[in-house]
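Asker: Before anything else, here's the structure in question.
The values are calculated or read from the model by the stated rules, or taken from the named source; none is laboratory data. Computed from a predicted structure; not experimentally measured. Cβ coordinates were reconstructed from backbone atoms using ideal geometry, including for glycine residues, and neighbour counts include every protein chain displayed.
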Amino acid sequence: MNLTRLAPAFAAAGLLATALPVLSAPPASAAQTSAASQTAEYAPGKPQWHRCSPEQPAAYECATLKVPLDYRRPQGRTIDLAISRIKSENPAKRHGAMLFNPGGPGGSGLDLPLMFNELMPKDVRDQYDLIGFDPRGVGSSSPITCGLNDTEQNIDRPYREETFAADVEWARTVAEKCREKSGQVLPFITTRNTARDMDAIRAALGEKKISYVGYSYGTYLGAVYSQMFPSRTDRFVLDSGVDPQRAWRGMLQVWASEAEPAFTRWTQWTAERSAEFGLGDTPAAVSKTFWDLVARADRDPIEFEGQKLTGDMIRTARALFFYPAQAAPVVKALKDASDGKPGAPLSAEQRRLLKPAAEPATDNGTAVFLSVICGDVEWPRYPEQYAREAARDKARYPLYGDFASNIKPCAYWQRPVEPVTQMKTRADVLTVQNEWDSQTPLTSGQGLHRALKGSRMVLAMGGEGHGVYLFDGASCANAPVNDYLASGRLPAADVTCRTVPGGQERRAELVPSSPQRFPGGRPDRF
């Protein structure tokens, strides 16, 4: 991430459903239906397993599969698919293979078996060979690049009439650089092809069905697999859901709409603690303090933690407000800095919310992110529409509305190779959601649940943060998920339970020592 801007650790979310402009999904065609079956024409070789590295446990094995770049031409060009596994230690109880996806699109999942091997209860863990993989184009799976620098990778661009022409030029330049660098591959880095890759992994493992745990973008990937390969879909957990009807511009816009109720909740929480934070003794006063701070920073950037923060930079911290106990000290520290006062020291987690760790030099994650969100669905083509909607949403959703609706490189991407996947086939899967998810908000998770007929939903009321199952050891959602994965039986009805908000600090303490990633990775990812 570019450290010259303020950005949240996650992305915006909230609670209230709102009407948003979404992309219309073309009807499924005969070609789309037959395309799913084309995977059967490709027989992947048997994996040649080996120890992943001397530094990792011997049980953690890796292999590489060859899969078609274009499944319509199964005998044509192939790409590498890096996979990993930790086998069940109890063959008598083994049920099958479980795949994982951490989100993104663009997140690496190769090391996820290490995390789940550590965190899963034994009665669940014994039933599965844990299978990780880097999705096509990611990490060790024939990685792609667009040759983008840090500035070009930043999609958080505020809308201003006087700078919109520069935003248009940025969007066009990024799309052109991607075509120049990886144009022969980008059209096939899509969710549908990644679902086909999952089925190729299933075939290579010799399994009739696969089980799956997917977070954030991984919920959409799992949903697409359930529609393309319903007879091969076993026990699927879709955690922190992407609403298929909002893929993908609508998901960016929901970050903006759902940040507003989260901000309101924060002002109420902070006003009740005015003696501690001094930001105002009513919600209106707290809100005024914040927006005065934004206006002041726009006039004269605030020196903070080695950065000069503008008001636009502060507004990109939309996810901060989903954790009231985290947000109030951070806003107080910003206000103290703007007033020239020494502020109370921030915790490491609070500092990270303001100044995330530097990203690696590669643009691989961004290249895959753009390939998927631009290649899965058709985006508006006219700059005037983006300008009009960004101006409108800046007024509607002051925190992030203009960032979300401003022009993106997808406006200049080549048109999708395939139609959008329709959610028409019954899917007996389990969806999981926190009430206060900062990146795939409650309204999005509810949309996924509605779209997948036959699904059940576990909703953790009071739950904060992006990613539920095993990412918060105190979550009330863990028990019903474990029951489902152990038995294969969905709850008889949707489950609503209550979790005491614990904040991101508690969640960070639960991260195991093995290398892994929170769902979504970068803050501008799912």
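Asker: Residue by residue through the stretch 277-322, note down the ones that are modelled with pLDDT of 95 or more, under 21 Å from ALA344 (Cβ atoms), among the charged types (D, E, K, R) and not in a helix (DSSP H, G or I).
Answerer: Result: ASP281, single match.
Asker: Looking at ALA297, ALA284, ALA275, which is the one that is crowded, with 19+ Cβ neighbours inside 10 Å, out of contact with any Pro (no Cβ under 7 Å at 6 or more places or on another chain) and of a type in the set (Gly, Ala, Ser)? Give the steps one after another, and end with the answer.
Answerer: Details: ALA284 fails: crowded, with 19+ Cβ neighbours inside 10 Å; ALA275 fails: crowded, with 19+ Cβ neighbours inside 10 Å.
Step by step, each of ALA297, ALA284, ALA275 is checked, and only ALA297 is crowded, with 19+ Cβ neighbours inside 10 Å, out of contact with any Pro (no Cβ under 7 Å at 6 or more places or on another chain) and of a type in the set (Gly, Ala, Ser).
Asker: Out of the residues in the stretch 308-327 that are more than 25 Å from the chain's Cα centre (by Cα) and surrounded by fewer than 22 Cβ atoms within 10 Å (Cβ to Cβ), state the one that is nearest to VAL500 (Cα to Cα).
Answerer: Residue satisfying both the conditions and the ranking: GLY311.
Asker: If you don't mind, there's one more thing I want to ask. Does the stretch 43-65 hold any residues that are exposed (fewer than 15 other Cβ atoms within 10 Å of the Cβ) and closer than 22 Å to THR191 by Cα, and which are they?
Answerer: Result: ALA43, single match.
Asker: What are the residues in the stretch 232-263 that are in contact with a strand residue (DSSP E or B) (Cβ under 8 Å, 6 or more places away or on another chain), of a type in the set (Gly, Ala, Ser) and in a helix (DSSP H, G or I), if any?
Answerer: The answer is ALA262, and nothing else.
Asker: Still on this model: Here are ASP123, ASP150: which of them is modelled with pLDDT under 95, more than 19 Å from the chain's Cα centre (by Cα) and either closer than 23 Å to LEU221 by Cα or not basic (Lys, Arg) (or both)?
Answerer: Of the residues listed, the single one that is modelled with pLDDT under 95, more than 19 Å from the chain's Cα centre (by Cα) and either closer than 23 Å to LEU221 by Cα or not basic (Lys, Arg) (or both) is ASP150.
Asker: Now for a different question. Hey, can you tell me all the residues within the stretch 444-483 that are touching a Leu at 6+ places or on another chain (Cβ under 7 Å) and more than 21 Å from VAL242 (Cα to Cα)?
Answerer: GLY473
Asker: Something else about it: Hey, does the stretch 329-339 have a residue that's crowded, with 23+ Cβ neighbours inside 10 Å and in contact with a Phe, Trp or Tyr (Cβ under 8 Å, 6 or more places away or on another chain)?
Answerer: Yes, because at least one residue in the stretch 329-339 is crowded, with 23+ Cβ neighbours inside 10 Å and in contact with a Phe, Trp or Tyr (Cβ under 8 Å, 6 or more places away or on another chain).
Asker: Something else now. When you go through GLU359, GLU349 one by one, which is the residue that is more than 27 Å from GLY445 (Cα to Cα) and at pLDDT below 95?
Answerer: GLU359
Asker: Restricting to the stretch 83-108, give me the number of residues that are under 26 Å from SER371 (Cα atoms) and in a loop (DSSP other than H, G, I, E, B).
Answerer: Residues meeting the conditions: 7.
Asker: Is there a residue in the stretch 164-172 that is in contact (Cβ under 8 Å) with a residue 24 or more places away in the chain, among the aromatic types (Phe, Trp, Tyr) and not in a helix (DSSP H, G or I)?
Answerer: No.
Asker: OK, next. In the stretch 369-402, how many residues are part of a helix (DSSP H, G or I) and within 30 Å of GLN184 (Cα to Cα)? Before the answer, list the steps.
Answerer: Our first condition is that a residue be part of a helix (DSSP H, G or I); within the stretch 369-402, this holds for 369-376, 383-396, 401-402.
Remaining after also requiring within 30 Å of GLN184 (Cα to Cα): 369-376, 383-386.
Matching residues across the stretch 369-402 total 12.
Asker: Being of a type in the set (Ser, Thr, Tyr) and out of contact with any helix residue (DSSP H, G or I) (no Cβ under 8 Å at 6 or more places or on another chain) is the filter; apply it to the stretch 225-261 and report the residue that is nearest to MET198 (Cα to Cα).
Answerer: Checking each candidate, the answer is SER226.
Asker: Moving on to the next point. Yes or no: PRO383 surrounded by fewer than 18 Cβ atoms within 10 Å (Cβ to Cβ) and at pLDDT 95 or above?
Answerer: Details: surrounded by fewer than 18 Cβ atoms within 10 Å (Cβ to Cβ): yes; at pLDDT 95 or above: yes.
Here the answer is yes, as PRO383 does meet what is asked.
Asker: Right, something else. Between a residue in the stretch 465-481 that is among the β-branched types (Val, Ile, Thr) and any residue that is assigned to a loop (DSSP other than H, G, I, E, B), which pairs come within a Cβ distance under 7 Å, given they are 6 or more apart or on different chains?
Answerer: From the stretch 465-481, the pairs are VAL468/SER240; VAL468/SER475; VAL468/ALA477; VAL481/TYR469.
Asker: To continue, here is another question. Quick check, is PHE518 of a type outside the set (Asp, Glu), surrounded by 19 or more Cβ atoms within 10 Å (Cβ to Cβ), at pLDDT 55 or above and under 20 Å from the mean Cα position of the chain (by Cα)?
Answerer: no
Asker: A follow-up question, please. Are any residues in the stretch 472-493 assigned to a loop (DSSP other than H, G, I, E, B), out of contact with any Lys or Arg (no Cβ under 8 Å at 6 or more places or on another chain) and closer than 18 Å to ALA427 by Cβ, and if so, which ones?
Answerer: Hits for the stretch 472-493 are ARG489, ALA492.
Asker: Could I ask something else about it? Starting from the stretch 428-453, keep only residues that are over 20 Å from SER475 (Cα atoms), then list their pairs with residues that are modelled with pLDDT of 95 or more and of a type in the set (D, E, K, R) whose Cβ atoms are within a distance under 6 Å, requiring at least 6 positions of separation or different chains.
Answerer: Partner pairs satisfying both residue conditions: GLY447/ASP243; LEU448/ASP243; LYS453/ARG426.
Asker: Exactly one condition in (1) under 26 Å from ILE79 (Cβ atoms); (2) surrounded by 22 or more Cβ atoms within 10 Å (Cβ to Cβ) is false for TYR159; which is it?
Answerer: Every listed condition holds for TYR159 apart from (1).
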